[in-house]
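One structure is given below, encoded as structure tokens.
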Amino acid sequence: MMGNDGFKIFQNLLHLTLLLGAAMAFGQEVSSVHQLQPLFEENCATCHGVDTQTAGINLTSLIQETPLVKNLETWRRVISALEVGKMPPPGAPQPSTATREKMLALLRNDIENYDFSSIDNPGFELMRRLTHDEYDNTIRDLFGVKLNVTERFPTELIGNSGFENSSNTLFLQSSLMERYIGAAQTVVDLALPAEPSTSEHFRTRGLIFRNELELNSSEEEASSSVLSEFLTRAYRRPTTEQELLSATQQFVEGRGNGLSYEEAIKQVIQSALISPKFLLRVEVGKQFPEPYQVSDWELASRLSYFLWATMPDEELFDLARKGRLSDPVVLEEQVSRMLMDNKADTLGNVFAAQWLGFHNVGTRIWLDPIDNPWCTDTLMTAMRDETSMFFMSLIRDDLPIRDLIDANFTYVNQELAQTLYKMDGVVGKHMRRVRISDPNRGGILGQASILALTSNYKTTSPVKRGVYVLDTILGTPPPEPPPNVGVLSQELQEMQEMSFREKVEMHSSNEYCRGCHSRIDPIGFSMENFSYFGQWRDTYDFRVRVDSAEEADESITINTESSSEPVTIHFRTTKRPISAQGSLPEGEGFDGLTGLKQALLRDRYPDMVRQIVTKMLAYSLGRQLEYYDEPAIREIIAVLEKNEYRFQTLIQEVVSSYPFQYKKNPAEEIH
């Protein structure tokens, strides 16, 4: 046994050990405090601390989440705000120039010099339901008939990725489930009527019952064969024995309840259409921590919903069944084949439409047809189609990414050409490719859909257009505006003799706004020759009331309740030339949209390439990109650089990328 003296010595040693351990732990804690933390606490905590968290940002806690690239987008916003002097806000105590530069240097070092080669995480495709577009397209290919049953479904939300197919918004709410139950019955009733009468009906029946056994087989055998084929296609993977057994049992029960053979089959099909196995895209995980390759069946679905926004076709299913789809040569051939298929048009009317925003033309972006009879539904459809078809030509012709904003062709029909572009020689309603010689029209920034969505109602907006170029095209958004400064004052709006450029410059002259507007407005000003719906103009036209007919160029006689005699009102239209001079942040000046495009390609092309790579990769994965996707982004850009930045190279590299072909269980710690 230990004596009293020995026990006291032991206690003292234990106490000393604990003290040393605590001291060491304290030392480690101190050493792990980021150099930025005291700087943020001194200069930023008033607005972005625990108690305030302006714009939802608490820098004092965010700086403790290392590596900083975990919150890459937030830190980029912080860097941008520090650069333009928005943080701290004017009027608040300001750090010295040296302190501000130190904060920027430390942030840039952590963000730009992080060793991404240490990351090995492809992410995980979370379970998510089909989008409305994907659902309609899948029903079309499953039954061979286009029904569009989701037209009256609730509008989809845009997820963190910037697209409707983002897993963080695609939940299966009970209210939506009720819609799916009704839609399933509608699909079966319309696609497989009791008495087929059209060629579509017979084609659908042949598609569903094509795997039926010979007449000498039993009903149960025949139904099992039909249902096995259908469920494999509907679930986009091989049907399990239990699934087939349950489906066959439901068929037998239906027959026992007096249903005919086909009615019992249709009952099982209707049940399958409301199964989560059809409505959701689900991938199977594995019980080990290392990244692993997706199965060929999962790869087929990833590929088809990326390029076609629908289920795999028979060729993809056959390759998956044989285990050949993951072969790099075979996969490359399939991507090339799929891009030539009309179903790949979804890359234009879904991917590009949601990224560039022109899907809102005709819904959120429109003009009152009573006051603007020229702004018809068919015109706005043509505006959307122009940009969608243009984007698909870039892909199918394998053109370089630079042609997105500077090309010598577009797509128009007679209405679009004459109403907005004043182009001659285009006759008919159909859209067709035309060569253009006007350098201001080549590329998306000269197309009516983009010009309309970046305008206000019946007025242009240099601010919206400048933000659009910085954010949507370059992926370098300016800081968020402070509250209640988003519109011109009433006094400025009523100054009719001032050009919009002069009004915006006055609005942006105060210290609080200048930092951001000096980067945004010059870009938008360079696009001022385009009106709010994309027509070209050389002057601002102001219509003001004058006192006499001699001063007027238009007089209107009206009857009023206050006078027994008609009253004549006189108006005069004055014109002021438009100044379209602009510049990029920290760049040289230029004139007009032509100059803007040249400056973008000369000075900001890497930003533009990176933006479309990140958008395409996020859309293909159906999720917001994370910091661990950065190695894949850089690898894709490196291959693009060797292949003249061509669109098909981009798509092939996205499909062959690590996050597209592999996954890692989300429960594992992300390095």
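When Glu164, Glu134, Glu241 are compared by accessible surface with a 1.4 Å probe, the order from highest to lowest is Glu241, Glu164, Glu134.
Residues of segment 215-285: accessible area per residue at 1.4 Å, in Å²?
48
Once a ≥ b ≥ c are taken as the square roots of the eigenvalues of the Cα gyration tensor of segment 86-162, is the result rounded (a/c under 1.5), prolate (a/b larger than b/c) or oblate (a/b not larger than b/c)? Because a/c hits 1.5 or more and a/b fails to exceed b/c, segment 86-162 counts as oblate.
The label-point distance for Tyr457 and Ser260, in a model that sets each label 7 Å from Cα toward Cβ, rounds to 5.5 nm. Rolling a 1.4 angstrom probe over segment 111-234 with all protein chains present gives an accessible area of which 48% lies on carbon and sulfur atoms.
Taking all protein chains as they are arranged and a probe of 1.4 Å, the heavy atoms of His517 leave approximately 30 Å² accessible to solvent. The spacing between segment 236-254 and segment 407-430, judged by their C-alpha centroids, is 54 Å.
Hey, with R₀ at 35 Å, roughly what FRET efficiency would Ser197 and Asp371 work out to, going by the Cβ-Cβ distance, to 0.05? Write out the running numbers ahead of the final one.
Working: r = 46 Å, r/R0 = 1.31.
Efficiency, from the Cβ-Cβ distance: 0.15.
A 1.4 Å probe over all protein chains sorts Tyr457, Tyr605 by accessible area into Tyr457, Tyr605, starting with the largest. For the residue pairs Lys615/Lys663; Lys146/Lys322; Lys464/Lys597, the alpha carbons lie more than 21 Å apart in Lys146/Lys322. Only protein heavy atoms count here; on that basis, with a 1.4 Å probe, Asp553 has an accessible area of about 90 Å². Given their separation in residues at 0.36 nm each and the Cα-Cα distance between them, Asn109 and Asp424 gain 107.9 nm when the chain is fully extended.
Rounded to whole numbers, the Karplus 3J(HN,Hα) couplings from phi for segment 319-326 are 5, 5, 4, 8, x, 9, 5, 6 Hz, using 6.51 cos²θ - 1.76 cosθ + 1.60 with θ = phi - 60°, and x at Gly and Pro. A dipole drawn for segment 539-671 from +1 and -1 charges on Cβ atoms has a positive end, and of Thr539, Asn665, Val609 the residue lying farthest that way is Asn665.
Once the Cα-Cα distance is subtracted from the 0.36 nm per residue extended length, the Glu641 to Glu221 segment shows a gain of 145.5 nm.
Ligands, DNA and RNA are left out, and with a 1.4 angstrom probe the accessible area of segment 362-443 is 49 Å² per residue.
Along segment 140-153 the Karplus relation, 6.51 cos²θ - 1.76 cosθ + 1.60 evaluated at θ = phi - 60°, assigns HN-Hα couplings of 4, 7, 6, 10, x, 8, 8, 10, 6, 6, 8, 4, 9, 6 Hz to successive residues, with x for each Gly and Pro. Please work out the Cα center distance from segment 343-398 to segment 278-313, rounded to the nearest Å. Cα centroid of segment 343-398 versus Cα centroid of segment 278-313: 30 Å apart. Computed about the Cα centre, the dipole magnitude for the chain is approximately 480 debye when only Lys and Arg (+1) and Asp and Glu (-1) carry charge, each at its Cβ.
Amide H contacts of Ile405 (H built 1.01 Å from N, in plane; Pro and chain starts excluded): Ile444 sit under 5 Å, all sequence-distant by 5 or more or on other chains. Couplings for segment 563-580, taken from phi via the Karplus curve 6.51 cos²θ - 1.76 cosθ + 1.60 with θ = phi - 60°, read 9, 6, 9, x, 10, 9, 10, 10, 10, 10, 9, 10, 10, 10, x, 8, 9, 10 Hz in order; Gly and Pro are left as x.
Charging the Cβ of each Asp and Glu at -1 and of each Lys and Arg at +1, and nothing else, the dipole of segment 332-421 about its Cα centre rounds to 140 debye. Amide hydrogen proximity for Tyr662: with H placed 1.01 Å from N in the peptide plane, the residues at 5 or more positions away or on another chain lying under 5 Å are Val294.
Counting only helical runs of four or more DSSP H residues, what would the 222 nm mean residue ellipticity of the chain come to if each run contributes -39,500 (n - 2.57) and the total is spread over all its residues?
Value at 222 nm, helices only: -14500 deg cm²/dmol.
To the nearest 10, the accessible area of Ile436 is 30 Å² with a 1.4 Å probe. Overall, the anisotropy analysis places segment 527-671 in the prolate class: the square-rooted eigenvalues a ≥ b ≥ c of its C-alpha gyration tensor yield a/c not less than 1.5, with a/b exceeding b/c.
Placing a label point 7 Å from the Cα of Ser548 along the Cα-to-Cβ line, the residues of segment 563-606 whose backbone N sits under 20 Å from it are 567-574.
Rounded to a whole number of µm²/s, how large is the Stokes-Einstein D of the chain at 20 °C and 1.002 mPa s, given Rh as the Kirkwood radius over C-alpha pairs?
73
Taking every C-alpha pair closer than 8 Å and separated by at least 6 residues, the mean separation divided by the residue count of the chain gives a relative contact order of 16 percent. Annotation: amide H of Met431 has no partner in the under-5 Å range at sequence separation 5 or more or interchain, hydrogens built in the peptide plane. Accessible-area rank, largest first, for Asp120, Asp371, Asp296, Asp110: Asp371, Asp120, Asp110, Asp296, with all protein chains present and a 1.4 angstrom probe.
The values are calculated or read from the model by the stated rules, or taken from the named source; none is laboratory data. No experiment lies behind these values; they were computed from the predicted model shown. Glycine also receives a Cβ, built like all others from the backbone with ideal geometry; neighbour counts cover every protein chain displayed. In case anyone asks, the SASA skips ligands and DNA or RNA and just uses the protein heavy atoms, side chains included. Shrake-Rupley method; radii C 1.70, N 1.55, O 1.52, S 1.80 Å.
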